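Just so it is clear, none of the values below were taken in a lab; they were calculated from the coordinates. As the structure is a prediction and not an experimental result, all values here were calculated from the model. Positions of Cβ are backbone-derived with ideal geometry, glycine not excepted, and every protein chain shown enters the neighbour counts.
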Amino acid sequence: MVAAVRVHKPGGPEALTFEDIEVPAPGPGQIRIKQHASGLNYIDTYIRTGAYPAPLPFVVGNEGAGEVTAVGSGVTDFKVGDRVGYVVTLGGYSAERVLPADRAVKLPDNISFEQAAGMMLKGMTVEYLVQRTFKLQKGHTALVHAAAGGIGLLIGQWANHIGATVIGTVGSKEKAELARANGYHHTILYRDENFVDRVKEITKGEMCEVVYDGVGKDTFPASLDCIKPLGMFVSFGSASGPIDAFNIGILQTKGSLFATRPTLNTYNAKRDALVKSAADLFKVVGSGAVKIPINQKYALKDAQKAHRDLEGRKTTGSSILLP
Ligand SMILES: NC(=O)c1ccc[n+]([C@@H]2O[C@H](COP(=O)([O-])OP(=O)(O)OC[C@H]3O[C@@H](n4cnc5c(N)ncnc54)[C@H](OP(=O)(O)O)[C@@H]3O)[C@@H](O)[C@H]2O)c1
């Protein structure tokens, strides 16, 4: 039996139960790993509440890192003792787990288990957002909401590394300071200031090529007013709740805009894409261009507190859970 955090009935943070579970031997195409750390992500809260339904009961968590302890038949890419990181829907908050081998990647020696648990999901998301959803380039200006969050601190650093001008919205002065230390050239206190007016002022009326919006309800449709004609609105999350249905005609009136609602699962569905995405992430982290700020560590048994802190806007950067 191993320690894990499960949900038997969707709900608030109290729905997370710390208990012992059985972990089977790996089946064909699977590996079993002893986890050294698991990642905490906003999506874990959508799944916990049932907003993204999952078959009950389930082990929460979509990201982690550990050491291979057994391999199933047909697995040739991994052996016992390999250090791996992964993104897999569910099963993350557990001291040991089984996962499909084709969803794992080997960790380079210069990436620790804790770093990997804090970056596989968030970092590969940032990789596709800045390199594939909207190919950010030197000279572009990007607006990023929730700049001091897990995704936010990584986009700021990566976009700055590319040579873009990065503007971030944040919920407090402390978060603004942190965002500026992580690549952002300008920050906006969006709970106190009108962020459209501030973007206009900062860009001298030019506005942005792209808005990366993981906040959702509270920042829509104002985000569209921060984009140049023919620019792109990237709605990649809904920390404040989902965006209400809207008339596509709004994209015409706001300047022939493009809008997309991407997800990592689509971008890294194929093994080749996953391997390349992870390699690009390891490269920017390995070179020191992007640092993984693990600003909160929780014991696995304290998962309820971790979720309360995340939803209460108390966390910054990445958070991990330790078995
Ligand atoms: N599409 C994808 O592939 C993908 C992958 C990973 C994550 N995501 C999305 O990316 C977003 C960020 O994820 P994360 O794990 O890095 O979380 P996070 O940014 O660390 O935490 C969420 C942040 O959102 C801000 N926020 C604004 N309104 C909020 C509200 N009403 N309640 C709570 N927080 C609010 C808070 O920052 P302030 O206090 O500064 O406002 C909070 O710290 C989420 O929407 C997530 O679903 C999408």
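Can you give me the Rg/Rh ratio for region 166-228, using Cα atoms for both radii and the Kirkwood formula for Rh? Walk me through the numbers on the way to the answer.
Working: Rg = 11.0 Å, Rh = 11.9 Å.
Ratio of gyration radius to Kirkwood radius for region 166-228: 0.93.
In terms of Cα to Cα distance under 15 Å, which aspartates and glutamates are near enough to residue 122, apart from those fewer than 8 places away along the same chain?
44, 63, 114, 213, 280
If I take the Cα coordinates of region 67-173 and project them onto the principal axes, what are the three extents in Å, biggest first?
49, 28, 25
Using modelled amide H (1.01 Å from N, peptide plane; none on Pro or chain starts), what sits under 5 Å from the amide H of residue 91, excluding residues fewer than 5 places away?
59, 60, 61
Name the long-range amide H neighbours of residue 37: under 5 Å, sequence gap of 5 or more, or other chain; modelled H, no Pro or chain starts.
For residue 37, whose amide H was placed from the backbone, the distant partners under 5 Å are 65.
With springs only between Cα atoms under 10 Å, which of 246, 220, 78 fluctuates most in a Gaussian network model of the chain?
With Cα springs under 10 Å in the chain, the top fluctuation among 246, 220, 78 is at 246.
Given the peptides 175-182, 228-235, arrange them by the average over their residues of other C-beta atoms within 10 Å, most packed first.
Working: 175-182: 20.1, 228-235: 18.1.
My ranking of the peptides, most packed first, is 175-182, 228-235.
Quick one: 3J(HN,Hα) in Hz for region 221-238, Karplus 6.51/-1.76/1.60 with θ = phi - 60°, rounded, Gly and Pro as x.
Karplus-based 3J(HN,Hα) across region 221-238 equals x, 4, 3, 5, 6, 9, 9, 5, x, 6, x, 10, 9, 10, 9, 10, x, 9 Hz.
For the charge dipole of the chain, defined by +1 on Lys and Arg C-beta atoms and -1 on Asp and Glu C-beta atoms about the Cα centroid, which residue among 54, 140, 169 has the Cα displaced farthest towards the positive pole?
The listed residue farthest towards the positive side: 140.
Taking springs between alpha-carbon atoms closer than 10 angstrom, which of 245, 117, 148 fluctuates most in the Gaussian network model of the chain?
Maximum fluctuation in the GNM of the chain, among the listed residues, is at 245.
In nm, give the distance between the simple-model label positions of residue 56 and residue 173, each being 7 Å from the Cα along the Cα-to-Cβ direction.
4.6
Would you mind working out the magnitude of the charge dipole of the chain relative to its Cα centre, with +1 at each Lys and Arg C-beta and -1 at each Asp and Glu C-beta, to the nearest 20 Debye?
On the way: 36 positive and 31 negative charges, 67 e Å.
With only Lys, Arg, Asp and Glu charged at Cβ, the dipole is about 320 debye.
Translational diffusion coefficient, Stokes-Einstein: compute it for region 1-138 using the Kirkwood radius over C-alpha pairs as Rh, at 10 °C and 1.306 mPa s, and state it as an integer in µm² s⁻¹. Show your work: numbers first, answer last.
On the way: Rh = 15.6 Å.
Diffusion coefficient, whole number: 102 µm²/s.
Can you say what percent of the DSSP beta bridges in the chain, counting only those with both residues inside, are antiparallel? Round to 5.
Values: 32 of 56 bridges.
Percentage antiparallel, nearest 5: 55.
Suppose we keep just the alpha-carbon trace of region 168-323; what are its Rg and Dmax in angstrom?
17.6, 51
Using only alpha carbon pairs under 8 Å that are at least six residues apart, calculate the relative contact order of region 1-130 and give it in whole percent.
The value is 29 percent.
In the chain, if every C-alpha pair distance is counted and binned at 10 Å from zero, what percent goes to each bin?
Whole-percent P(r) values from 0 Å outward: 6, 27, 34, 23, 9, 2, 0.
Running a GNM on the chain with Cα contacts under 10 Å, which residue among 247, 41, 194 ends up with the highest mean-square fluctuation?
247
For an R0 of 45 angstrom, estimate the FRET efficiency from the Cβ-Cβ distance between residue 17 and residue 197 and round to the nearest 0.05.
The pair residue 17/residue 197 has a calculated efficiency of 0.45.
Would you order 119, 1, 207 from fewest to most other beta-carbon atoms within 10 Å of each residue's own beta-carbon? Before the final figure, lay out each step's value.
Numbers: 119 30, 1 10, 207 20.
Final ranking by Cβ density, sparse to dense: 1, 207, 119.
Return a whole-number percent for the relative contact order of region 127-265, with Cα pairs under 8 Å and 6 or more residues apart as the contact set.
20
Could you list which residues have their amide H under 5 Å from that of residue 70, counting only those 5 or more apart in sequence or on another chain, with H placed in the peptide plane?
Residues meeting the amide H criterion: 32.
Using only alpha carbon pairs under 8 Å that are at least six residues apart, calculate the relative contact order of the chain and give it in whole percent.
Numbers: 732 pairs, mean separation 57.5, N = 323.
Dividing the mean separation by the residue count of the chain yields 18 percent.
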